[in-house]
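FYI, it's all coordinate maths here, none of it is from the lab. Just so you know, these numbers come straight off a predicted model, no measurement behind them. All Cβ positions, glycine included, derive from the backbone under ideal geometry; neighbour counts span all protein chains shown.
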Amino acid sequence: MSNNLVEFNNISKFFGSVIALKDVTMHIKKGQIMCLLGDNGAGKSTLIKTLSGVHKPDEGEIIVDGKQTVFDSPRDALDLGIATVYQDLALVSLMSVTRNFFMGREPMKGFGPFKTFDVNKANSIASERMGQIGIDVRDPSQAVGTMSGGERQCLAISRAIYFGAKVLILDEPTSALGVHQASVVLKYIVKAAASGLGVILITHNVHHAYPVGNSFTILNRGRSMGTFEKKNLSREKLLGMMAGGEELDKLEVELKEIDRTNKN
Amino acid sequence: MSVKSKSIQNKSKDERLRKVSNLKVLLNRPELGALGGSVLVFIFFGIVAGDTGMFSAYGTINFLEVSANLGIIAIAAALLMIGGEFDLSVGSMIGFAGICIAIPAIYWGWPLWSSILFAFSMAVLVGYANGILVVRTGLPSFIVTLAMLFILRGATLALTRLITGRTQVPGLRVLIENDPIAWIFSADAFKGVFTWLGSLGLIALRQDGTPLATGIPASVLWWVGMTIFATWLLMKTRYGNWIFASGGDKLGARNVGVPVGRVKISLFIGTAVAATIYACVQVLDAGSADTMRGFLKELEAIVAAVVGGCLLTGGYGSAIGAAFGALIFGTVSMGIYYTDVDTDWFKVFLGAMMLIAVIFNNFIRRRVTENK
């Protein structure tokens, strides 16, 4: 048995005649951050939805902890510890930090029909967890709307970890963030991996992916261009592969052409 | 030295933040507006109508009863609004529930208690229909329940005329006295206390020596009870968290496993059941049912909920706020008779109050959701 937490082998997904994904293979190891890179339309969203149980793959196999499995719903993936943090984060900005943290999974106390939401316990867990990331929640009953984008992202990730995630799938966690906020989130992701989680980091930003990733899978037009270890890959090479080096070269030629015609 | 000064600086910074955050907590409570409004209304009538008998036991019971009737439906409407939906069929449901009680009892010979239970089961059906339509179709509840408003009112009128040949069903009074459950909706509470106060000469008496105000009406107790129950539900239960989540962001809520559809359907059942409680109180008080009962009550309930701090977009609000919204409504609608102001102006006041409340709420929402 390998030390892979999850293996996705030769995953394909078709929508009618459209080939959304073809033969994508990814292995996620404990404590490793695997970056999934690709341009818009490369099939990132379809792949995430397939990994998190929203779509069923048409071909290929999913192996969790050495056992082959089929996800019938996102709930199945979640039960096996594969948690996805989507771009919209599933946070309600009018609700408090605590109420968001435990949304749908509230800690209870009491018996039978008198079971109530244990607000005090929830508050202390929420502020303790946020404190561990270095976010000082002065008042866990403050609305999430008052938090910054980075803090919200960390809250969503921390919630997934608290509820037993072994593999985290993060969908563009830094895309809407400024430089400082993004670095806070990336630091947290590295910490999470160091504590033994497997992380799939989906992004189109090489500058965010390269410093934190251990391996890189590049997706282009629904196909994997391969998985590369960091030691075999320079930032420039990654950048070139990701944007499609030819595309950039072509663009440069075209720009020069425009420039020339403008001058004349 | 530098470390020390830094730590002092940090500390003072913390204190400043704490203060701001406390003020914020106070300002961000949804019911703040309705509480403040109630105080203003009482001060106003205390000055203008303080010596007119408005605040005598009898006068107080009067305006409390009006507030309570509205409060019963406003609290349910507030929970639904926090859950992100409207119910415009509440008023029609009141009329429908009224004849569901009266027709079986008078024309079909059912015992009164069974026709009351029949009305409540019809309410569950109507609420379920509203809820399932909204959840399944994804249409705005505004449209779905607007349709239900007409369907229910029309059916109430048509069925009543078909069965009875008229639009009112009187004659329930004799049935109330021997009924095992009618007292839940019609009895006065604390009668002994009121009689005792009357005998001491502290409250006004009729000529036969019984006090003018005979006790606390059942509707007032329903109002208070429902406020406490709904507040407990919202603040202290898992279901309450789901209500906020469903109204705040239904996709997000669904993604983390909140059963949004079930929550919304149950809230629609809640408003229909509250309308039926309202109908029971009215029908058993008047001894008759009228097909036009509850006309426009759905809008009054929404006014009370909005004045009470509920956001029209869902996800924010409170049951206490709605209860105070109803209190403002009831106090002004009765109090205006004790002043020299022409009662025609009441609706102007109502509209203005709602506008102010919405503007105030909007301001609060921006405070709560905006970044620091």
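Report the equivalent ellipsoid semi-axes for region A:96-142 in whole Å, largest first, defined as the square roots of five times the eigenvalues of the gyration tensor built from alpha carbon atoms. Working shown, then result.
Working: eigenvalues 103, 16, 14 Å².
Equivalent ellipsoid semi-axes, largest first: 23, 9, 8 Å.
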Checklist entry - At q = 0.07, 0.13 Å⁻¹, what base-10 log of I(q)/I(0) does the Debye formula yield for chain B when every alpha carbon is treated as an equal point scatterer in vacuo? => result -0.36, -1.09
Next on the checklist: Students often forget the sequence filter, so: which aspartates and glutamates lie under 19 Å Cα-Cα from residue B:191 once same-chain residues fewer than 8 apart are removed?
Outcome noted: B:65, B:177, B:208, B:285
Item to check | In Hz, Karplus ³J(HN,Hα) per residue of region A:192-203 (6.51, -1.76, 1.60; θ = phi - 60°; x = Gly, Pro) | outcome: 4, 5, 4, 7, x, 8, x, 10, 10, 9, 9, 7
Item to check | Two-decimal ratio, region A:1-143, of alpha-carbon radius of gyration to 2.2 N^0.38 Å | outcome: 1.32
Checklist outcome for this item: So the angle from the long Cα axis of helix B:260-286 to the longest Cα principal axis of chain B, reported in degrees to the nearest 10, equals 40 degrees
Next on the checklist: So, R0 is 25 Å and r is the distance between the beta-carbons of residue B:157 and residue B:347; what FRET efficiency does that work out to, to 0.05?
Outcome noted: 0.50
Checklist outcome for this item: Averaged over all viewing directions, the convex hull of the alpha carbons in region A:205-264 casts a projected area in nm² of 5.1 nm²
Checklist outcome for this item: With R₀ set to 45 angstrom, the calculated FRET efficiency between the beta-carbons of residue B:286 and residue B:232, to the nearest 0.05, is 0.90
Checklist entry - So for the pair residue A:205, residue B:117, with labels modelled 7 Å out along Cα→Cβ, what separation do we get in nm? => result 6.4 nm
Checklist outcome for this item: Per the Cα gyration tensor, the protein assembly as shown corresponds to an equivalent ellipsoid with semi-axes, largest first in Å, of 59, 29, 23
Next on the checklist: Treating only the Cβ of Lys, Arg, Asp and Glu as charged (+1, +1, -1, -1), what charge dipole size does the protein assembly as shown show about its Cα centre? Round to the nearest 20 debye.
Outcome noted: 1720 debye
Checklist outcome for this item: For the table A:44/A:230; A:109/A:166; A:44/A:67, the rows whose alpha-carbon distance is greater than 22 Å are A:109/A:166; A:44/A:67
Checklist outcome for this item: So, relative contact order of region A:96-142 in percent, Cα under 8 Å, 6 or more apart, is 43 percent
Checklist outcome for this item: Between the residues A:137, A:119, A:97, the Cα farthest towards the positive end of the dipole of region A:96-142, that dipole coming from +1 and -1 charges on the beta-carbon of Lys, Arg, Asp and Glu, is from A:119
